[in-house]
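Read through the structure below, which is laid out as structure tokens, and then see the notes.
Read the figures in this text as sums done on the coordinates, not as results from a lab. For clarity, every value in this text was computed on a predicted model and none was experimentally measured. In this analysis, Cβ positions are derived from the backbone assuming ideal geometry, glycine residues included, and neighbour counts consider all displayed protein chains.
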Amino acid sequence: MRIHTLIVDDEVDVETLFRLSFKKWVKANLVKISFATSGIDALGILRMDSNEDIILILTDINMPEMDGIELLKIVRGEFPDIDVFMISAYNDENHINEATDLGIKGYFTKPIEFDKLKHEISILYPMLAS
Ligand SMILES: [Mg+2]
């Protein structure tokens, strides 16, 4: 099984960080990553038939137009089986609490500690633990 992961963040630099951080997993064909720079873009990607294997979403909370919480609510309705982690620019307790009530698997604050993030993802998908 390959973990097709959708990463959503309005800061485009984040893509480079994830590509570097997940390089080993991607190379080993354990993970495939797709990127979206907005909630609308993310929904477009999720709704494509070719992306029905996306099983994990890592989304920023603070984004213009549609924030991560709004995206999460829609994902919960349309794709209830997808695991979601939230990424917040600061320790945004109200949003984190709301997201937790909506069943997220966890959250991270920026700057992202990638070792910690990868560890938590490995707990969810033991095939990624090395
Ligand atoms: Mg943002």
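Summary value for the chain: 22 percent relative contact order, contacts being C-alpha pairs under 8 angstrom separated by 6+ residues. Computed from the Cα positions only, the extents of segment 1-63 along the three principal axes stand at 31, 27, 14 Å, in decreasing order. Relative to the compact-globule estimate of 2.2 N^0.38 Å, the Cα radius of gyration of the chain comes out at 0.97. Using a cut-off of 21 Å between Cα atoms, the listed pairs Lys32/Lys110; Lys27/Lys110; Lys24/Lys116; Lys27/Lys118; Lys24/Lys105 include Lys32/Lys110; Lys27/Lys110; Lys24/Lys105 as exceeding that distance. For segment 1-110, state which GluC sites (Glu not before Pro) are in a DSSP loop and have at most 10 other beta carbons lying within 10 Å of their beta carbon. For GluC sites (Glu not before Pro) across segment 1-110 that sit outside H, G, I, E and B with at most 10 neighbouring Cβ atoms in 10 Å, the list reads Glu65.
So in segment 1-79, what percent of DSSP beta bridges are antiparallel if you round to the nearest 5? Working shown, then result.
Numbers: 0 of 11 bridges.
Expressed as a percentage, antiparallel bridges in segment 1-79 total about 0.
Placing R0 at 30 angstrom, the Cβ-Cβ distance between Asn91 and Lys24 gives a FRET efficiency of 0.55 after rounding to 0.05.
Here the simple spin-label model places points 7 Å from the Cα toward Cβ, and for Met48 and Phe114 these points are separated by 2.4 nm. Shown here for segment 1-101: trypsin sites (Lys or Arg not before Pro) in loop regions (DSSP other than H, G, I, E, B) with at most 11 other Cβ atoms within 10 Å, namely Arg47. The distance between label points at Ile40 and Asp13 comes to 2.5 nm (points 7 Å beyond Cα on the Cα→Cβ vector).
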